[in-house]
Amino acid sequence: MSLGIHPDPSVVIAHLSDTHLLAGGAHLAGFVDTEQHLRDTAVRLAVAAADADVVVVSGDIADLGEPGAYALAREILEPVAAAIGAPIVWTVGNHDERAAMRAALALPGAPLDPIDSVLEVAGLRVVALDSSLPGWHHGGFDEGQAAWLADALTDPPPLGVVLVMHHPPLPYRGRLMRLLEFRDEAQLADVIAAADVRAILSGHLHINGSGSFAEVPVVLAGATSYADDLGGPPPAMHGIDATQSFNLIEVYADSVAHSVVPALPHPARETIPLALAEQVIALDPETRAERFSRKPD
């Protein structure tokens, strides 16, 4: 039931990124418990994304590309995705290793080929582009991928395409991270120029962010592992075990909206109590506006 001028979204995407898991649940850098952070995220995901149609993980699933890290990702995320009734789209990041990721996540294709995929759900096409380049941390097109992407964007469904790629095609605020950009932006712009791409979902930078590329909105999901603190003095980089988050992407017939969800447990209170919320929702539209929107005299 819609309570405002907009209908309910046609498709809801739960967008996670940069889990940076280690085999056996080892702590990242010796102190960040990325396994527990993802377990906590899964609990929050089950509530915040109960209406999700698809779960997207935009890369750096494993920190060292270990098979055990990918197995851990499956163990944590597949049950909640199944409970929601949403498939998972796994996307490759610069820390991932194709052969291990493909085998552990049961993904099709030859071991070292790019892990590109296409999924259609409820009138939307989700295209996952492997922006990793084996042996490097910067991103780009591997051989043949530009042609593959052009084909994947052809004849889109009614809601168009959401493109998922780990490296965001944007200018990066962090100077050192500019060394790790997606370096084939001009070619990417040519490929998507005439396509119905509604949004590009990325990670890589460990921040919540947004921008535009070739007139397409670009949305970054903050990492579930740790965040980059842009408030620290440059050019050093400052990682903090705080502000982890994931995104909810809502696709409408003529627009795309995104919201940021805190990923970890935290103190909270009901600013609008459950009983009051249910009471307001049960009212007819005119009475509801008077009860909830009218300012007191």
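Please specify each residue of segment 1-47 satisfying the condition of being open to solvent by 40 Å² or more (accessible area, probe 1.4 Å), closer than 30 Å to Asp254 by Cα and either touching a helix residue (DSSP H, G or I) at 6+ places or on another chain (Cβ under 9 Å) or not in a loop (DSSP other than H, G, I, E, B) (or both).
Those that are open to solvent by 40 Å² or more (accessible area, probe 1.4 Å), closer than 30 Å to Asp254 by Cα and either touching a helix residue (DSSP H, G or I) at 6+ places or on another chain (Cβ under 9 Å) or not in a loop (DSSP other than H, G, I, E, B) (or both): Met1, Leu3, Arg44, Ala46, Val47.
Can you tell me how many residues in segment 101-152 are open to solvent by 20 Å² or more (accessible area, probe 1.4 Å) and under 20 Å from Glu78 (Cα atoms)?
11
Regarding segment 170-191, can at least one residue be identified that is within 18 Å of Ala257 (Cα to Cα) and either open to solvent by 30 Å² or more (accessible area, probe 1.4 Å) or at pLDDT 95 or above (or both)?
Looking only at segment 170-191, we keep the residues that are within 18 Å of Ala257 (Cα to Cα), and these are none.
No: segment 170-191 contains no residue that is within 18 Å of Ala257 (Cα to Cα) and either open to solvent by 30 Å² or more (accessible area, probe 1.4 Å) or at pLDDT 95 or above (or both).
Pairs please, first residue from segment 185-197 and of a type in the set (S, T, N, Q), second anywhere and at pLDDT 95 or above and not in a helix (DSSP H, G or I), Cβ atoms under 7 Å, 6+ apart in sequence or on different chains.
From residues that are of a type in the set (S, T, N, Q), the pairs are Gln187/Phe141.
Between a residue in segment 223-235 that is closer than 21 Å to Leu264 by Cα and any residue that is open to solvent by less than 70 Å² (accessible area, probe 1.4 Å) and among the aromatic types (Phe, Trp, Tyr), which pairs come within a Cβ distance under 7 Å, given they are 6 or more apart or on different chains?
Thr224/Phe246
Given segment 201-297, what strands (runs of 3 or more DSSP E) lie entirely inside it while holding 1 or more residues that are open to solvent by 80 Å² or more (accessible area, probe 1.4 Å), within 30 Å of Gln187 (Cα to Cα) and modelled with pLDDT of 95 or more? Before the answer, list the steps.
Values: elements: 209-213, 216-220, 245-251, 256-262.
Qualifying strands (runs of 3 or more DSSP E): 209-213.
Of the conditions (1) free of Cβ contacts under 8 Å to residues at least 24 places away in the same chain; (2) under 21 Å from Leu107 (Cα atoms), Met165 satisfies every one except a single condition; which number is it?
Going through (1) free of Cβ contacts under 8 Å to residues at least 24 places away in the same chain; (2) under 21 Å from Leu107 (Cα atoms) one by one, Met165 breaks only (1).
Determine which member of the set His166, His95 is open to solvent by less than 60 Å² (accessible area, probe 1.4 Å) and closer than 22 Å to Ser210 by Cβ. Talk me through it step by step, then tell me what you get.
Details: His95 fails: closer than 22 Å to Ser210 by Cβ.
Of His166, His95, the one residue that is open to solvent by less than 60 Å² (accessible area, probe 1.4 Å) and closer than 22 Å to Ser210 by Cβ is His166.
Only residues that are at pLDDT 95 or above, over 13 Å from Ile76 (Cα atoms) and of a type in the set (Ser, Thr, Tyr): list them for segment 2-61, please.
Correct list: Ser10, Ser17, Ser58.
The values are calculated or read from the model by the stated rules, or taken from the named source; none is laboratory data. Nothing here was measured: the structure is a model prediction, and the numbers come from that model. So basically every Cβ, Gly included, is an ideal-geometry build from the backbone, and we count neighbours across all protein chains shown. For the accessible areas, the whole protein counts, side chains as well, though only heavy atoms, and no ligand, DNA or RNA atoms are used. Shrake-Rupley method; radii C 1.70, N 1.55, O 1.52, S 1.80 Å.
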